[in-house]
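First comes the structure, then the notes that go with it.
Since every read-out is calculated from the coordinates, none of them should be taken as a lab result. Fair warning: this is a prediction, and the values are worked out from it, not measured in the lab. Note that we place each Cβ from the backbone using ideal geometry, even for glycine, and neighbour counts take in every protein chain shown.
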Amino acid sequence: MSSTRIDTDLVRNLPKAVLHDHLDGGLRPATVVELAREVGHTLPTTDPDELAAWYYEAANSGDLVRYIATFEHTLAVMQTREGLLRTAEEYVLDLAADGVVYAEVRYAPELNTNGGLTMREVVETVQEGLAAGMAKAAAAGTPVRVGTLLCGMRMFDRVQEAAELAVAYRDAGVVGFDIAGAEDGFPPADHLAAFELLRRESVPFTIHAGEAHGLPSIHQALQVCGAQRIGHGVRITEDIPDLAAGKLGRLASWVRDRRIALEMCPTSNLQTGCATSIAEHPITALKDLGFRVTLNTDNRLVSGTTMTREMSLLVEQAGWTVEDLRTVTVNAVKSAFIPFDERKALIEEVVLPGYAAAL
């Protein structure tokens, strides 16, 4: 076990990788206020600090549906080209400032079409904003590689269209696909045709599963739809009756033995009622059992968090070491939806040297 003293400054300077982070859940409060004023949208408050507090308090309901409802205000300011360009660029710069070296940002283009943009225009505009952010971050000496996951909203009827866009833009910054939204009552197999298209076209995808619904959702995502990763997956523990003993059921064994990454989001999981505390969040037990767990923010504004904060909470409340933080970072890069040579170079040239300097 490492004897390295871990403080916030050390954690902030560590290289980080995030696979599960929503664009519309990570806006700067001041940006929401300014853009809302421009488009005439009414907010709960026009004070940025008060707005940040409102988001955090509203999200702490213990209910996924109410958690998702907080996105009304961020989405309202992401319906124009100008709004999308700004939020995408700032998204990258905020990650770079947090020490993130690789990220996959996800969003559902269909949710940004209320102002007249087509889904294709949304995708192209977001990619333009992300590219501008990456260029600025690199120029500032804090390079970050950001790939895009396009989402289909599982409770609506445009999932197939979003999947087709993922295929169309896979050589233009889009690295994969996901379905998001209310999980309970909207099983992954409802969109099997979309996943079959993605498999035929060799486009990787993850699926939100095992958050608001349990093992059947995870099983269907993996064994019916063919997901390569699981978004959240916290309820895989329902197939591990005794976490301390580590006796795995068949589905849990499948996930661990085939190195299927779990995109775990501790703070978000507390807010939606999937976990009771950071100390008891399953990410620690699953890590110790050899699962390929990754650490993520989910929605930085809504959850009032950053990767530095998520790491620090696990250090302070779950006893994590620098080696543990390195493990989940390497896990994330290994499971990224980018080519093997890029993943290998990122691990060997950026991640491992960054952690070696901290040990």
**OP:** Pairs of Cα atoms under 8 Å, at least six residues apart: use those to get the relative contact order of segment 1-96, whole percent.
**Re:** 32
Original post:
Taking the Cα atoms of segment 8-356, what is the range of coordinates along each of the three principal axes, in descending order and whole Å?
Top reply: 57, 47, 42
Subject >> Contact order normalised by residue count of segment 8-356, Cα under 8 Å, 6+ apart, percent >> reply: 20
Original post:
So who's got an amide H within less than 5 Å of the one on Trp320, skipping anything under 5 residues away but keeping other chains? H placed 1.01 Å off N, in plane.
Top reply: Val315
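Which whole-number percent gives the relative contact order of segment 218-359, counting Cα pairs below 8 Å spaced six or more residues apart? Working shown, then result.
Working: 166 pairs, mean separation 26.3, N = 142.
Relative contact order of segment 218-359: 19 percent.
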**OP:** At 7 Å along the Cα-to-beta-carbon direction for both Asp190 and Ala53, put a label point, then send me their distance in nm to one decimal.
**Re:** 3.8
Subject >> Computed E for Glu349/Arg66 - FRET, C-beta separation, R0 45 angstrom, nearest 0.05 >> reply: 0.55
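Can you tell me the convex hull volume per residue for segment 223-359, based on C-alpha atoms, in Å³ to the nearest whole number? Let's see the in-between values first.
Values: hull volume 16.9 nm³, N = 137.
Per residue, the Cα convex hull of segment 223-359 comes to 124 Å³.
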Original post:
Under a point-charge model restricted to the Cβ atoms of Lys and Arg (+1) and Asp and Glu (-1), what is the dipole moment magnitude of the chain relative to its Cα centre, in debye to the nearest 20?
Top reply: 960
**OP:** May I ask you to derive the FRET efficiency for Phe156 and Gln317 from their Cβ-Cβ distance with R0 = 41 Å, giving the value to the nearest 0.05?
**Re:** 0.65
Original post:
What are the ³J(HN,Hα) values, in whole Hz, obtained from phi via the Karplus relation 6.51 cos²θ - 1.76 cosθ + 1.60 with θ = phi - 60°, for each residue of segment 152-161 in sequence order, with x given for Gly and Pro?
Top reply: x, 7, 5, 9, 10, 10, 10, 5, 4, 5
Subject >> Vicinal HN-Hα couplings computed from phi for segment 254-262 (Karplus, 6.51 cos²θ - 1.76 cosθ + 1.60; Hz; Gly/Pro x) >> reply: 4, 5, 5, 5, 9, 6, 7, 6, 9
Original post:
Which of Ser253, Asn13, Thr45 sits farthest toward the positive end of the charge dipole of segment 8-356, with +1 on the Cβ of Lys and Arg and -1 on the Cβ of Asp and Glu?
Top reply: Ser253
Subject >> Potential extension, Glu342-Ala357 segment - 0.36 nm per residue separation minus Cα distance >> reply: 3.2 nm
**OP:** Would you list which aspartates and glutamates come within 15 Å of Lys247, measuring only between C-alpha atoms, while excluding same-chain residues fewer than 8 positions from it?
**Re:** Glu238, Asp239, Asp257, Asp288
Original post:
Tell me which lysines have Cα within less than 23 Å of Lys344's Cα, excluding those fewer than 8 residues away on the same chain?
Top reply: Lys16, Lys287, Lys334
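Stretch Ala245-His41 to full length: gain in nm at 0.36 nm per residue minus the Cα-Cα span?
On the way: separation 204, 0.36 × 204 = 73.44 nm, distance 5.29 nm.
Here the answer is 68.1 nm.
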**OP:** Give the Rg (one decimal place) followed by the Dmax (whole number) of segment 157-311, computed from C-alpha coordinates and expressed in Å.
**Re:** 15.6, 46
**OP:** Among Thr321, Asn114, Ala140, flag the residue with its Cα farthest along the positive direction of the charge dipole of the chain, charges on Cβ as +1 for Lys/Arg and -1 for Asp/Glu.
**Re:** Thr321
Original post:
At what distance in angstrom do the alpha carbon centres of segment 14-77 and segment 322-359 lie from each other?
Top reply: 30
**OP:** Work out the length of the dipole vector of segment 210-359 about its Cα centre, built from +1 on the beta-carbon of each Lys and Arg and -1 on the beta-carbon of each Asp and Glu, and round it to the nearest 20 debye.
**Re:** 320
